Amino acid sequence: MLRSLHIENVAVIERADIELGPGFCVLTGETGAGKSIIIDALGAVIGGRVSKEIVRTGCASAFVSAEFSVNGGITAWLAKNELEAEEETLVVSRKVSADGKSSCRVNGVPVSAAQLRALGAWLVDIHGQNDGQKLLAEANHRAYLDRFGTEPKLLASYRESYKLWLIKTRAEEELHRLEQGRELRVEELTRVIEEISAVNPKPDEQDELLRRRALIRSSEKLTSGVNGAINSLKPDALDALHNAEGFLSTAARFDESLLNVLERYKAARIETEDIAEFLTDYIENFDFSPDELDTIETRIANLQRIERRYGAVEESLARLETARTELATISGLDEQIALAKAETSEAYKTLMVVGAELTAARKTAAEKLSLKICTELAELSMPGARFSVEFDEFLQKPNEHGFEDLRFVMSANAGETLGRISKIASGGELSRIMLALKSVLPGDADTQVFDEIDTGVSGIAASKVAAKLREISANKQVLCITHLPQLASAAGEHFLISKEEAGGRTFTSVTRLDAEAHKAELSRLVGGDEILRQLTNNS
């Protein structure tokens with residue numbers, strides 16, 4: 001339940017504080033005084049869409065906060081979002097900057113606008129002036145009916161069955177698509193497999209081949225260089241190295257400082273002999289033929305051709321595996337199609353069963369809803385009105401909602417044929433139908449707001465609307481903007497919204513009316529300022 005609403009710098013409202021209790025509360029005032037701005041502010045604080053235009057001219061930002069008492073649904077939502085209520089009190093706030101940016105908080109903790117919107121559904125249900133248009137839109141009628149009397153588990157079961165059937169149907173359609181171009185696709189996949197398999201590329205193979213080709217192409221200079229080195233290290237040269245070592249060894253016996261040089265010389269001589277031996281083996285084993293070069297050139301050309309068509313080695317091998325898998329799939333396509341058909345048929349049978357249950361449940365709910373709405377309309381001065389739910393079943397074309405379309409139909413007066421609400425109902429009748437729905441479908445929120453529910457209503461009908469709002473207020477907190485004295489007189493609390501100018505600026509104020517002020521405002525609503533002046537003079 002909404003306990004208080006604080007508004008700062010929202011449109012023409014510089015500052016307003018409204019303390020509210022349970023029951024039925026009305027807001028009245030002249031047209032343009034700012035009544036709807038209060039509803040807009042309340043809508044903003046429960047996550048409604050806002051723009052920078054809401055900020056009062058010349059101000060840096062607008063701010064709205066509201067304090068609520070909590071119920072079980074709110075507590076569950078807070079727990080799910082890792083938030084807590086303080087002493088069963090919830091404070092939500094929203095700040096909108098002049099540049100259009102907004103920030104939202106729940107008990108001081110920042111939340112997203114989407115989170116605030118989800119929480120707001122548990123806090124306040126606002127019936128605005130455009131809700132009548134929602135009622136006229138037949139696409140919304142199914143949701144109204146399901147909310148009234150369709151088990152959520154049955155709806156969830158249907159959605160899951162429909163989702164599975166859709167998946168199976170699309171899988172079967174894809175197999176049929178493959179079947180249509182099967183021959184050409186088999187040829188294409190076979191060509192891909194044969195081309196890549198024939199070349200059989202290996203990782204890093206091309207780099208090795210390129211190095212070998214470069215080596216062979218430079219073989220003349222290579223062998224010339226190696227042979228030159230070997231010739232320079234002929235046996236005579238190696239013998240000379242051995243002789244030099246002998247002389248140095250003799251000298252080291254007389255001067256120990258030469259021992260280190262002797263060891264270094266030995267190592268160098270041994271390393272030189274090893275190099276000579278390696279070069280000799282290298283040149284003896286270095287063998288190639290013109291055929292090898294041709295083979296390498298051909299292999300490189302084939303690898304590069306595959307690379308141009310299918311990408312690098314890793315990509316080509318991946319393409320090969322994909323082609324093999326798809327070819328195997330296509331090869332067993334007949335069996336797969338048969339299996340897919342069976343699975344689709346089974347999924348459709350399940351969907352038919354659940355869909356039939358859903359249709360039956362909706363028809364049962366429709367009868368109950370029709371009876372309740374007619375009862376409510378009778379209490380709202382529409383005793384001859386008839387209300388019903390019309391079904392259009394399409395058993396072969398289910399959608400995500402069921403096997404039928406449905407719409408609300410009515411006749412506003414006795415003896416008239418049932419017809420679409422958009423064709424039958426006047427503005428006042430539409431308001432009462434919407435109020436009847438609200439009575440039957442009170443919603444989860446403890447606070448119900450009606451913005452000019454009295455549109456097109458007057459006389460006895462207005463008194464009946466007032467009685468209905470008072471009846472709803474026995475279980476829900478009801479806030480209502482109205483221009484009718486019948487509604488205002490039925491309220492337990494009454495706020496006057498007034499507008500004045502000062503210093504070239506417009507200011508809207510909110511005043512709680514005591515008993516005398518309440519009577520005066522009712523008089524103004526009945527007869528305008530003239531009656532109010534007469535009452536004032538007589539007193």
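The values are calculated or read from the model by the stated rules, or taken from the named source; none is laboratory data. This one's a predicted model, so the numbers in the text were calculated from it and none came from an experiment. Positions of Cβ are generated from backbone atoms using ideal geometry, with glycine treated the same way; all protein chains shown enter the neighbour counts.
Among the listed residues Ile37, Ile74, identify the single one that is among the aliphatic types (A, V, I, L, M), within 27 Å of His518 (Cβ to Cβ) and in the same structural domain as Ala491 (by TED's automatic domain parsing). If you could, list the steps in order and put the result at the bottom.
Working: Ile74 fails: within 27 Å of His518 (Cβ to Cβ).
Answer to the selection: Ile37.
Would you mind stating whether Ile306 is crowded, with 18+ Cβ neighbours inside 10 Å and over 16 Å from Leu178 (Cβ atoms)?
So Ile306 fits the description; yes.
Would you confirm whether or not segment 51-60 contains a residue that is within 30 Å of Leu525 (Cα to Cα), hydroxyl-bearing (Ser, Thr, Tyr) and over 22 Å from the mean Cα position of the chain (by Cα)?
Filtering segment 51-60 down to residues within 30 Å of Leu525 (Cα to Cα) leaves 54, 56.
Adding the requirement that they be hydroxyl-bearing (Ser, Thr, Tyr) leaves none.
No: zero hits.
I'm told Pro22 meets every condition in (1) modelled with pLDDT of 85 or more; (2) surrounded by fewer than 15 Cβ atoms within 10 Å (Cβ to Cβ) except one. Can you identify the failing condition by its number?
Against the list (1) modelled with pLDDT of 85 or more; (2) surrounded by fewer than 15 Cβ atoms within 10 Å (Cβ to Cβ), Pro22 comes up short only on (2).
Tell me, which helices (runs of 4 or more DSSP H) wholly within segment 193-275 include 2 or more residues that are in the same structural domain as Leu317 (by TED's automatic domain parsing) and under 60 Å from the mean Cα position of the chain (by Cα)?
By residue number, 205-217.
For segment 413-526, list the strands (runs of 3 or more DSSP E) that sit wholly inside it and hold at least 2 residues that are within 26 Å of Ala378 (Cα to Cα); which are they?
Hits in segment 413-526: 447-451, 477-481.
When you scan segment 1-51, how many residues do you find that are among the hydrophobic types (A, V, I, L, M, F, W, C) and free of Cβ contacts under 8 Å to residues at least 40 places away in the same chain?
Looking only at segment 1-51, we keep the residues that are among the hydrophobic types (A, V, I, L, M, F, W, C), and these are 1-2, 5, 7, 10-13, 16, 18, 20, 24-27, 33, 37-39, 41-42, 44-46, 50.
Those still in the list that are free of Cβ contacts under 8 Å to residues at least 40 places away in the same chain too: 41.
Summing the residues that are among the hydrophobic types (A, V, I, L, M, F, W, C) and free of Cβ contacts under 8 Å to residues at least 40 places away in the same chain in segment 1-51 gives 1.
Out of all the residues in segment 392-414, is one or more acidic (Asp, Glu) and either crowded, with 17+ Cβ neighbours inside 10 Å or in contact with a Cys (Cβ under 6 Å, 6 or more places away or on another chain) (or both)?
yes
Of all helices (runs of 4 or more DSSP H) completely enclosed by segment 87-192, which ones contain at least 2 residues that are surrounded by fewer than 13 Cβ atoms within 10 Å (Cβ to Cβ)? It would help to see each step written out before you state the result.
On the way: elements: 113-123, 131-136, 141-149, 152-180.
Ranges flagged: 152-180.
Taking interchain pairs and intrachain pairs at least six residues apart, which have beta carbon atoms under 8 angstrom, with the first residue in segment 311-329 and outside any helix (DSSP H, G or I) and the second of a type in the set (D, E, K, R)?
Close Cβ pairs satisfying both conditions: Gly311/Arg319.
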